[in-house]
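Inspection log for the structure reproduced underneath, given as structure tokens.
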Amino acid sequence: MITGIVVALPEEIVTLTSKRIDKGHCVFIGDKILVACAGMGPANAAAAADLLIAKGASQLISWGCAAALDPSLQAGDLTLADRLLDAGNEEITANADWLEHTLSVLSGTLAGNRGQAVLHTGLLTESTTVVTSGKAKKQLHSFTQALALDMESNAVAKVAQQHGLPFLAIRAIADPADMGLPEAVAYATNADGEVSIGKLLQYLALHPAQLPDLIRLGIYFNRAKQTLKRVAGRLESIAEFNCPPADRQAS
């Protein structure tokens with residue numbers, strides 16, 4: 001049983017492994033855990049999921065950070081999706097048995113130096129573009145009642161569903177619901193989610209007032225990464241789940 005993990009960005013991959021994984025490639029980080037670097041967005045995520053299945057993965061995880069929509073979620077909190085809603089308002093249900101198994105594995109895992117991160121289970125929704133404002137997040141929450149959003153999990157879930165494989169979305173909150181993405185980050189980020197340091201510094205030189213928001217985002221992102229690292233310490237136990245073949249098609 002090989003568990004395939006789709007990760008969008010190198011900054012998220014480091015929570016799992018120190019191995020370098022180029023975009024569009026996958027690497028074993030354990031005997032039965034295979035990680036793919038997808039790049040940002042649903043098309044890249046779907047391609048990475050297909051690659052993992054071609055390499056033998058029989059269950060899939062979408063791993064990384066998410067943006068909070070529910071105001072009660074804080075940076076560093078963990079979300080495990082029980083349902084996923086795509087941009088067309090179609091819903092997919094995560095494998096309930098694997099979710100229950102993972103919740104049991106993670107019991108008591110999230111305590112860290114800054115206290116206890118909270119684990120939330122609920123709806124995760126999709127955005128096909130980067131959501132840059134707190135106002136847009138508020139509108140999405142009003143419409144969907146979702147806990148959080150990301151750009152990749154729904155695409156991975158659809159590939160898993162097409163192949164009758166179990167699926168999980170494990171996402172840590174990098175930015176609270178009321179926080180917009182600093183314009184400096186949006187300016188310096190390319191279509192694959194890679195940040196150009198040169199463009200970032202250039203923008204900050206012209207807009208120094210952006211610096212406090214950028215620092216705050218960095219702090220929050222590091223909290224999310226610390227949560228993911230703690231979860232990664234239990235990854236082998238999470239991956240030990242075995243879904244009965246008769247239940248796979250409903251996953």
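As a test of the definition: which semi-axes, in Å, follow for the stretch 91-188 when you take the square root of five times each eigenvalue of its alpha carbon gyration tensor? Largest first, please.
On the way: eigenvalues 124, 80, 30 Å².
Semi-axes from the Cα gyration tensor: 25, 20, 12 Å.
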Legend entry - Unit charges at the beta carbon, dipole of the chain: most positive-side option, Gln202, Ala45, Ser62: Gln202
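Measure up Lys32/Lys137; Lys32/Lys158; Lys135/Lys225; Lys55/Lys138; Lys23/Lys135 against 30 Å on the Cα-Cα distance and list the ones that go over.
On the way: Lys32/Lys137 37 Å; Lys32/Lys158 22 Å; Lys135/Lys225 25 Å; Lys55/Lys138 40 Å; Lys23/Lys135 32 Å.
Beyond 30 Å: Lys32/Lys137; Lys55/Lys138; Lys23/Lys135.
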Inset, instruction - Compare the Cα positions of Gly218, Leu123, Gln162 along the charge dipole of the chain (+1 at Cβ of Lys, Arg; -1 at Cβ of Asp, Glu; about the Cα centre) and return the one farthest towards the positive end. - result: Gly218
Legend entry - Alpha-carbon centroids, the stretch 148-202 and the stretch 73-147: separation in whole Å: 13
Legend entry - Estimated inter-spin distance, Asn222 and Asn190, nm [label 7 Å along Cα→Cβ]: 2.7
Inset, instruction - Using only the alpha carbons, work out the radius of gyration and Dmax of the stretch 67-146 in angstrom. - result: 13.9, 40
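Treating the beta-carbon of each Lys and Arg as +1 and of each Asp and Glu as -1, no other charges, what is the dipole magnitude of the chain about its Cα centre, to the nearest 20 debye? Walk me through the intermediate numbers first.
Working: 20 positive and 25 negative charges, 116 e Å.
The dipole magnitude comes to about 560 debye.
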Legend entry - Cα point-scatterer Debye curve for the stretch 1-140, base-10 log of I(q)/I(0) at q = 0.09, 0.11, 0.16, 0.18 Å⁻¹: -0.29, -0.45, -1.00, -1.26
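State which helices in the chain qualify, where a helix is a whole DSSP H run, it must extend 27 Å or more along its own axis by its Cα atoms, and its mean Kyte-Doolittle hydropathy must be at least -0.5.
On the way: long enough: 211-232 (31 Å, -0.05).
Within the chain the helices that satisfy the rule are 211-232.
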Inset, instruction - Keeping all protein chains in position, work out how much accessible area Asp82 exposes to a 1.4 Å probe, and write it in Å² to the nearest 10. - result: 40
Inset, instruction - Report relative contact order for the chain in percent, whole number only (criteria: Cα-Cα under 8 Å, sequence separation at least 6). - result: 26
Inset, instruction - Please work out how much accessible surface His207 shows to a 1.4 Å probe, ignoring ligands, DNA and RNA, in Å² rounded to 10. - result: 80
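Ordering Thr227, Thr121 by how much accessible area each has at a 1.4 Å probe, largest first, what is the list? Intermediate values should be presented prior to the final figure.
Working: Thr227 0, Thr121 60 Å².
Correct descending sequence by accessible area is Thr121, Thr227.
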Inset, instruction - Would you kindly work out the equivalent ellipsoid of the chain from its C-alpha gyration tensor and give its semi-axes, the square roots of five times the eigenvalues, largest first in whole Å? - result: 28, 19, 18
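Suppose only helical runs count, i.e. DSSP H with n ≥ 4. What mean residue ellipticity at 222 nm does that imply for the chain under -39500 (n - 2.57) per run, divided by all residues and rounded to the nearest 500 deg cm²/dmol? Can you show the working numbers first?
Working: 10 runs with 96 residues, N = 251.
Theoretical 222 nm ellipticity from helices: -11000 deg cm²/dmol.
The values are calculated or read from the model by the stated rules, or taken from the named source; none is laboratory data. What you are looking at is a predicted structure, and each value in this text was computed from that prediction instead of being measured. Methodologically, a virtual Cβ is constructed for each residue, glycine included, from the backbone with ideal geometry; neighbour enumeration extends over all protein chains shown. Accessible surface areas use protein heavy atoms only, side chains included; no ligands, DNA or RNA. Shrake-Rupley method; radii C 1.70, N 1.55, O 1.52, S 1.80 Å.
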